[in-house]
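Just below is one structure, and these are the notes that go with it.
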Amino acid sequence: MLKTHAYAAASAGQPLAPFTFEQREPGPHDVLIDILYCGVCHSDIHQARDEWGGAIFPMVPGHEIIGRVSQVGQHVTKLKVGDMAGVGCMVDSCRDCQPCRQDLEQFCLKGVAFTYNGTYMDRKTPTRGGYASQLVVAEHFALKVPEGLDPAAAAPLLCAGITTYSPLRQWNCKKGDRVAVVGLGGLGHMAVKFAVSMGAEVTVLSTSRSKEADARRLGAHAFEVTREEGTFKKLAGRFDLIIDTVSAQHDYNQYLGLLRPQGAMVLVGAPPEPTPVAAFALIGGNKRLAGSNIGGIAETQEMLDYCARHNIVSDVEVIPIQKINEAYERMLKNDVRYRFVIDLASLNAAAAR
Ligand code: NAP
Ligand code: ZN
Ligand code: ZN
């Protein structure tokens, strides 16, 4: 077994603190990754505070993982020692059911093994995430990170990147489409970059007026504050597609009013509380309300290669692991520009002392 240094929440809502655990030695189809950086997703906060229910403690969060491959099993072909590798939200699935065969491992009928706050396919061994020194993972679930991408800024692509790239592709985002991105946080700022790169005319809908200059720097063509009077009236019927990344409860009906007939609103933000949707908000205009959950491994690799070609990475604030609890508090105040990324060298340095 491999002794691994990490940070964990001992129980729901407890501040994260140093923690060690053991994980399996790499098998013939596994790679061992020495973790360099791990992005901080709002899903880490939802889960460390057990806001979605069913959380498993102690919990080592983190599913935006980048590191160097330091060991490979004898049958591994995808990666070699020294390669830059990434791991997102999944570490295993049955790889045999229909969704798995369709490259939609996240919908594995046996239940995907999420990177943390889940169990491996034996349904006993808890999975532990990227706020840690190393990770052993089946090669199928390790991504090849193009060498041109800065590793710290590329880490958030493994969740925030694929989660916003996938719905834009599913809804065929293209030149001239009017796309609105709701919420300018980790997911939102990636949605803006991708939609702009696909040629869309992008509007950011934010609660924070202070983010306007950043939105425009990211490529957005327009910026509107949803808490200001008249915004929903002014933009009524305007958008082909709305990507909603908001982490807290809000009124979907209001945003559906911003779609043109036959337009679609895709929820990627995952507030814990349900929100009622009026039938008439959809019926008037044949509107579509949809959801999207991360993306399969093949699409995640496609997204990373797309990012290398289009020079897209995340805007990050790199922090030592010791600042993780502070980072959570800042994210809850919408004070993130636009993704915190943990430099795991801070963990290794502390462990060595
Ligand atoms: P984040 O960086 O904290 O950004 C969320 C943004 O939502 C905030 O910056 C804020 O933007 C806006 N917001 C927050 N509270 C709001 C409120 N009460 N009303 C309106 N807007 C509000 O979070 P993230 O990491 O991007 O994650 C966003 C959500 O996506 C989370 O719920 C997360 O769990 C979920 N998620 C889903 C998937 C998936 O597969 N579907 C994958 C990853 C994450 P402004 O300041 O611009 O208003
Ligand atoms: Zn995430
Ligand atoms: Zn499966």
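Couple of notes before you dig in:
- Hey, Val192 part of a strand (DSSP E or B), buried (at least 19 other Cβ atoms within 10 Å of the Cβ) and more than 16 Å from ligand 2 (Cβ to nearest atom) or not: no
- Against the test of being out of contact with any Phe, Trp or Tyr (no Cβ under 9 Å at 6 or more places or on another chain), surrounded by 13 or more Cβ atoms within 10 Å (Cβ to Cβ) and not in a loop (DSSP other than H, G, I, E, B), the options Ala308, Ala281, Ala327 yield a single qualifying residue, Ala308.
- Among residues of region 316-336 that are on the phi > 0 side of the Ramachandran plot, those with a Cβ under 8 angstrom from a residue that is away from ligand 2 (no atom under 15 Å from the Cβ), sequence gap 6+ or separate chain, pair up as Asn334/Thr207; Asn334/Ser208.
- Selection count where residues are away from ligand 2 (no atom under 16 Å from the Cβ), part of a loop (DSSP other than H, G, I, E, B) and small (Gly, Ala, Ser), scope region 81-108: 2
- Scanning region 86-110 for residues that are more than 16 Å from ligand 1 (Cβ to nearest atom) and closer than 26 Å to Ala9 by Cβ yields one hit, Asp92.
- Enumeration of residues in region 220-268 that are of a type in the set (Lys, Arg) and either assigned to a loop (DSSP other than H, G, I, E, B) or closer than 27 Å to Ile162 by Cα (or both): Arg227, Arg238, Arg260
- Options Val136, Val182; residue that is aliphatic (A, V, I, L, M), touching a residue at least 12 places away in the same chain (Cβ under 8 Å) and closer than 26 Å to Ala281 by Cα: Val182
- Any hit, region 163-177, residues being more than 30 Å from Ser208 (Cβ to Cβ), modelled with pLDDT of 95 or more and of a type in the set (Val, Ile, Thr): no
- Scan of region 25-35 for residues that are part of a loop (DSSP other than H, G, I, E, B) and surrounded by 12 or more Cβ atoms within 10 Å (Cβ to Cβ), ordered by number: Glu25, Pro26, Gly27, His29
- Condition met for Met303 (modelled with pLDDT of 95 or more, at negative phi and part of a helix (DSSP H, G or I)): yes
- Unmet criterion (only one of (1) more than 21 Å from Pro28 (Cα to Cα); (2) small (Gly, Ala, Ser); (3) surrounded by 15 or more Cβ atoms within 10 Å (Cβ to Cβ); (4) away from ligand 1 (no atom under 16 Å from the Cβ)) for Gly130: (4)
Table: residues versus (1) away from ligand 3 (no atom under 16 Å from the Cβ); (2) under 16 Å from the mean Cα position of the chain (by Cα); (3) in the same structural domain as Gln23 (by TED's automatic domain parsing).
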position: Pro99; (1), (2), (3): no, no, yes
position: Gln106; (1), (2), (3): no, yes, yes
position: Lys110; (1), (2), (3): no, no, yes
position: Tyr116; (1), (2), (3): yes, yes, yes
position: Lys124; (1), (2), (3): yes, no, yes
position: Val136; (1), (2), (3): yes, no, yes
position: Ala142; (1), (2), (3): yes, yes, yes
position: Pro146; (1), (2), (3): yes, no, yes
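- Number of the condition not met by Ala236 [criteria: (1) surrounded by fewer than 22 Cβ atoms within 10 Å (Cβ to Cβ); (2) in contact with a Lys or Arg (Cβ under 8 Å, 6 or more places away or on another chain)]: (2)
The values are calculated or read from the model by the stated rules, or taken from the named source; none is laboratory data. Treat the numbers as computed from the prediction; the structure is a model and nothing was measured. Cβ coordinates were reconstructed from backbone atoms using ideal geometry, including for glycine residues, and neighbour counts include every protein chain displayed.
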